[in-house]
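Chemist: Right, I'll just put the structure down here and ask away after.
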Amino acid sequence: MDVDPAVEELDSFSLLLPLPFRLGIVFVAGVWLWGLNLHGLHLLKVDVPHLIRYPSRSSPAQLSHHLSVYRFAAILTLPLASSLFLFWALTHGNTPRVIAWDLLPNVYLLFLLVAFVLPIKQLPRSGRSRFLSTLRRISIGGLAKTEDGKFGDVLLADALTSYAKPLSEIYVALCMLVTGQHTTRRPDRGCGGTYVVPFIICIPFLIRLRQCIIDHQPANALKYATAFPAIILSALQRDAEKIGIGPTSLFRLWLLAVMLNSLYSFYWDVAKDWDLTLLSRARNDREHPYGLRRLRVFELSELYYAVIFVDLLLRCTWSLKLSVHLEHFNDIEGGIFLLEILEVFRRWMWVFFRVETEWVRTRASGDVLLDDYGSNKIDED
């Protein structure tokens, strides 16, 4: 294959993992972790299908929900691993070869997108069908009624905010592919226009914002609204000289917006999504360990403290990735990928405790019989 000798040099990380492969890893990891969410909560006798109003598996021939997700994840993983190893064998980290063999990562990325959409017999159908129908409903900020799976809509819409950056990267990869650029080169995040990528990053937050407005939750809506200044100010830093604001002043405004979004989101995670008392006056209540709550599914108090700490750390870190101007630094691609993976991990961790909280609320409201808990220990101190 002939390659233009004047082709742009790749950063060292993209030689190893071009953008389409990085996106494949991020989204496939997300599927595996969702399976672990379902599996772990099933072992704790937390009925996630009941909470999201997903039909139970009545037939013995049907795989349990988590096994079905694992199967789908395995189907996505096998071609990813195969194409990645073949890509490495063919390129050996050589820049012209990496650029010349961009067919392999492109084919896998297209396969990944098709696997979620087309009704392929060999792939699990019911879960993907439910996912797509929910995605269609929430794509304009819609929200189902409680009895129709409102909690599932909230979970998916919240998850999309964690995938805001990877979703914008899918656009970048497809735009480069359509415009004839090699997707194994350094990503062209200005493809299609300077502000297209920032707008795509905003979409998941707009979806969740509209849901909160529909659900009459102004304080929650404000949390998602705080993401927009961070995204917009980041985009403006590319053209700081053109808008008449000094780069230093613009950077300070951006940093302030990032911290506001991070800290407010952390507060909401702890105080509202997880119903913990750490940030309230009830933290010293003798009915529960310091900063926690009386009813808990997980036995170890230390686990809650560790999760709170990790959530704070990753909330602050992830807000930086809402920034679209950081790719000007050399070899930043590896850092962006790492933080995308860390955010997928944070969301996986968040789901455990958000679902646990909803389960405890449901139990307290009497919607679930106490016998449904079986031998599962609910720590009431």
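Chemist: By the gyration tensor of its Cα atoms, with a ≥ b ≥ c the square roots of the eigenvalues, what is the shape of the stretch 115-191: rounded for a/c under 1.5, prolate for a/b over b/c, or oblate?
Modeler: oblate
Chemist: Moving to a separate point now. State in Å² the accessible area per residue of the stretch 122-252; use a 1.4 Å probe, count heavy atoms of protein chains only, and round to the nearest integer.
Modeler: 45
Chemist: If I take every Cα pair under 8 Å that is 6 or more residues apart in the stretch 75-230, average their sequence separation and divide by the length, what percent do I get for the relative contact order?
Modeler: It comes to 21 percent, rounded to a whole number.
Chemist: Once amide H atoms are built 1.01 Å from N in the peptide plane, which residues 5 or more positions from Arg296, or in another chain, come under 5 Å H to H?
Modeler: Under 5 Å from the amide H of Arg296: Asp379.
Chemist: Another question, if that's okay. Just report the Cα centroid separation between the stretch 213-291 and the stretch 76-116, whole Å.
Modeler: 37
Chemist: From the Cα gyration tensor of the stretch 43-197, with a ≥ b ≥ c the square roots of its eigenvalues, which class applies: rounded if a/c is under 1.5, or else prolate if a/b is larger than b/c, or else oblate?
Modeler: oblate
The values are calculated or read from the model by the stated rules, or taken from the named source; none is laboratory data. From a predicted model like this one, the values you see are computed outputs, not experimental measurements. These area figures cover heavy atoms from the full protein model, side chains too; ligands, DNA and RNA do not enter into them. Shrake-Rupley method; radii C 1.70, N 1.55, O 1.52, S 1.80 Å.
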